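Visitor: One structure follows; several queries about it will come next.
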Amino acid sequence: MNFNITLLPGDGIGPEVVTEAVRVLEIIASKYNHAFAFAERLMGGCSIDKFGSSLTDETLADCKSADAVLLGAVGGPKWDDPAAKDRPERGLLALRKGLGVFANLRPVKVHPALIDSSPLKPEKLEGVDILVVRELTGGLYFGWPKGRDFKDGRERAVDTLEYYDYEVKRVMELAFTLAKGRKKKVTSVDKANVLESSRLWRQIATKIGKENPDVELEHMLVDTASMRLITGPAWMDVVVTENMFGDILTDEASVLAGSMGMLPSASLSESASGLYEPIHGSAPDIAGKGIANPIGTILSAAMMLRHSFKLEVEAASIENAVDATITAGCRTADLGGPLSTRQMTDEIISRM
Ligand code: IPM
Ligand code: MG
């Protein structure tokens with residue numbers, strides 16, 4: 001089969017890890033007789049430097065017409081000026097919105113060989129296999145009004161937490177569908193004791209829960225959920241939550257896996273195409289050193305094969321090779337090991 005993939009390597013370690021994921025995809029193409037055509041574009045800080053915009057209309061159009069988009073990371077100290085009119089992160093948010101990728105899937109699994117890499121007690125980590133479904137195109141990130149002004153002689157800043165019923169419904173339905181292929185349990189995380197948007201969230205979750213009696217639904221307040229992720233993560237299966245809560249909880253959950261460098265994500269829309277990116281950032285402190293962990297991006301490429309191209313066997317072959325590589329003791333610096341980004345990928349490729 002033929003697929004067009006737009007690559008957005010971005011900033012910092014982004015280009016280093018995307019290069020390695022492309023090598024893995026090329027092995028898949030030759031082993032399983034597929035053709036992947038890659039088109040590389042700038043997005044984030046590098047795009048501000050070249051075009052004066054973190055995401056140009058042309059790049060967004062190329063991403064929309066591709067079969068899938070693979071992204072590295074964006075951002076860095078160079079573009080951190082709070083007064084700047086554009087920021088790398090704005091490009092990422094405009095891309096998510098422009099592609100309509102409303103659901104961000106962030107699987108968090110603990111590889112048995114990495115249990116000691118997490119600061120948590122080993123017995124807490126056994127059997128952890130969570131799928132966080134983060135709403136990605138609504139909430140505080142996009143609500144209007146937003147901005148700064150002066151009111152009653154005071155400087156003021158406003159962000160708006162807004163959700164429409166259909167935005168909650170579509171991500172909730174996806175969470176229930178995904179739960180059916182897993183342990184049939186959904187934890188819907190909100191702050192319904194305080195926020196009106198959360199009361200709408202909970203109302204819709206309850207309704208969809210009633211329509212899917214084979215799936216167990218539990219509501220959990222976000223503060224409780226943040227504690228539960230550390231005290232009893234093995235009890236969680238699918239966790240569905242709004243944009244900002246999902247951003248925070250997934251960084252917390254990454255601690256379970258031993259390193260943020262391990263975790264992939266898939267951002268899905270109503271269409272087959274999607275946006276695939278590791279959950280880690282651009283890591284400016286190690287950029288250019290060739291020591292970043294490529295696994296989050298390589299596993300994101302596997303998710304692309306599964307969700308956008310329906311190539312389950314190929315996706316599993318990458319995941320199995322990553323598992324075997326970790327089992328064999330191969331480690332990059334984030335996991336306390338000596339391997340470079342390239343060497344880690346070579347180890348994975350040798351097991352595919
Ligand atoms: C993430 C990141 C982004 C987010 C930033 C870079 C805008 O933290 O993907 O989790 O907040 O969504
Ligand atoms: Mg984040």
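The values are calculated or read from the model by the stated rules, or taken from the named source; none is laboratory data. This structure is a prediction, so every number in the text was calculated from the model and none was measured. Cβ coordinates were reconstructed from backbone atoms using ideal geometry, including for glycine residues, and neighbour counts include every protein chain displayed. Remember, those area values only see protein heavy atoms, side chains included, never the ligands or the DNA or RNA. Shrake-Rupley method; radii C 1.70, N 1.55, O 1.52, S 1.80 Å.
Visitor: How many residues, within the stretch 250-262, are farther than 15 Å from residue 294 by Cα, more than 10 Å from ligand 2 (Cβ to nearest atom) and open to solvent by less than 50 Å² (accessible area, probe 1.4 Å)?
Guide: 3
Visitor: Just to be sure I understand the filter: pairs with C-beta atoms under 9 Å, separated by 6 or more residues or on different chains, first member in the stretch 159-182 and among the aliphatic types (A, V, I, L, M), second member surrounded by fewer than 15 Cβ atoms within 10 Å (Cβ to Cβ). Which pairs pass?
Guide: 161/196; 168/203; 172/207; 179/216
Visitor: Counting only residues that are in a loop (DSSP other than H, G, I, E, B) and in contact (Cβ under 8 Å) with a residue 12 or more places away in the chain, which one in the stretch 63-83 is farthest from residue 302 (Cα to Cα)? Step through it out loud before you land on a result.
Guide: Initial filter on the stretch 63-83 (in a loop (DSSP other than H, G, I, E, B)): 66-67, 74-76, 80-83.
Those still in the list that are in contact (Cβ under 8 Å) with a residue 12 or more places away in the chain too: 66-67, 74-76.
Working: 66: 17, 67: 14, 74: 21, 75: 24, 76: 27 Å.
Checked the stretch 63-83; the qualifying residue farthest from residue 302 (Cα to Cα) is 76.
Visitor: If you don't mind, another one. Could you count how many residues in the stretch 107-117 are open to solvent by less than 10 Å² (accessible area, probe 1.4 Å) and either under 22 Å from residue 168 (Cβ atoms) or within 16 Å of the chain's Cα centre (by Cα) (or both)? Step through it out loud before you land on a result.
Guide: If we filter the stretch 107-117 for residues that are open to solvent by less than 10 Å² (accessible area, probe 1.4 Å), which is where we start, we get 108, 114.
Now restrict to residues that are either under 22 Å from residue 168 (Cβ atoms) or within 16 Å of the chain's Cα centre (by Cα) (or both): 108.
Number of matching residues: 1.
Visitor: Is at least one residue of the stretch 118-129 in a helix (DSSP H, G or I), closer than 24 Å to residue 177 by Cβ, open to solvent by 40 Å² or more (accessible area, probe 1.4 Å) and of a type outside the set (Gly, Ala, Ser)? Spell out the reasoning first.
Guide: Of the stretch 118-129, the ones in a helix (DSSP H, G or I) are 122-125.
Applying the additional criterion that residues be closer than 24 Å to residue 177 by Cβ yields none.
Taking every residue of the stretch 118-129 in turn, none turns out to be in a helix (DSSP H, G or I), closer than 24 Å to residue 177 by Cβ, open to solvent by 40 Å² or more (accessible area, probe 1.4 Å) and of a type outside the set (Gly, Ala, Ser).
Visitor: It is to be established whether one or more residues within the stretch 5-13 are open to solvent by 50 Å² or more (accessible area, probe 1.4 Å) and at negative phi. First the steps, then the outcome.
Guide: At the first step, the residues of the stretch 5-13 found to be open to solvent by 50 Å² or more (accessible area, probe 1.4 Å) are none.
No.
Visitor: Can residue 90 be described as within 16 Å of ligand 2 (Cβ to nearest atom), in a helix (DSSP H, G or I) and open to solvent by less than 20 Å² (accessible area, probe 1.4 Å)?
Guide: Details: within 16 Å of ligand 2 (Cβ to nearest atom): yes; in a helix (DSSP H, G or I): yes; open to solvent by less than 20 Å² (accessible area, probe 1.4 Å): no.
Answer is no for this residue.
Visitor: Still on this structure, please answer the following. Would you point out which residue out of 104, 33, 2 is at pLDDT 95 or above, open to solvent by 60 Å² or more (accessible area, probe 1.4 Å) and in contact with a strand residue (DSSP E or B) (Cβ under 6 Å, 6 or more places away or on another chain)? Before the answer, list the steps.
Guide: Numbers: 104 fails: open to solvent by 60 Å² or more (accessible area, probe 1.4 Å); 33 fails: in contact with a strand residue (DSSP E or B) (Cβ under 6 Å, 6 or more places away or on another chain).
So the residue among 104, 33, 2 that is at pLDDT 95 or above, open to solvent by 60 Å² or more (accessible area, probe 1.4 Å) and in contact with a strand residue (DSSP E or B) (Cβ under 6 Å, 6 or more places away or on another chain) is 2.
Visitor: Scan the stretch 315-326 for residues that are in contact (Cβ under 8 Å) with a residue 40 or more places away in the chain and surrounded by 24 or more Cβ atoms within 10 Å (Cβ to Cβ) and jot them down. It would help to see each step written out before you state the result.
Guide: Of the stretch 315-326, the ones in contact (Cβ under 8 Å) with a residue 40 or more places away in the chain are 317-318, 323, 326.
318, the sole residue that qualifies.
Visitor: In the stretch 229-248, which residue that is within 10 Å of ligand 2 (Cβ to nearest atom) and of a type in the set (A, V, I, L, M, F, W, C) is least open to solvent (accessible area, probe 1.4 Å)?
Guide: Ranking the candidates gives 244 first.
Visitor: Moving to a separate point now. Do any residues in the stretch 243-258 that are touching a residue at least 40 places away in the same chain (Cβ under 8 Å) have Cβ atoms under 9 Å from those of residues that are within 11 Å of ligand 1 (Cβ to nearest atom) and of a type in the set (Ser, Thr, Tyr), where the two are at least six apart or on different chains, and which pairs are they?
Guide: Listed pairs, sorted by first residue: 243/137; 243/141; 244/141; 247/141; 250/265.
Visitor: List the pairs whose first member sits in the stretch 38-55 and is within 14 Å of residue 93 (Cβ to Cβ) and not assigned by TED's automatic domain parsing to the domain that holds residue 284, whose second member is of a type in the set (Asp, Glu) and buried (at least 21 other Cβ atoms within 10 Å of the Cβ), and whose Cβ atoms are under 9 Å apart, counting only residues at least 6 apart or on separate chains?
Guide: none
Visitor: If you don't mind, there's one more thing I want to ask. Identify all residues within the stretch 286-307 that are within 16 Å of ligand 1 (Cβ to nearest atom) and open to solvent by 20 Å² or more (accessible area, probe 1.4 Å); write none if there are none.
Guide: Across the stretch 286-307, the qualifying residues are 287, 299.
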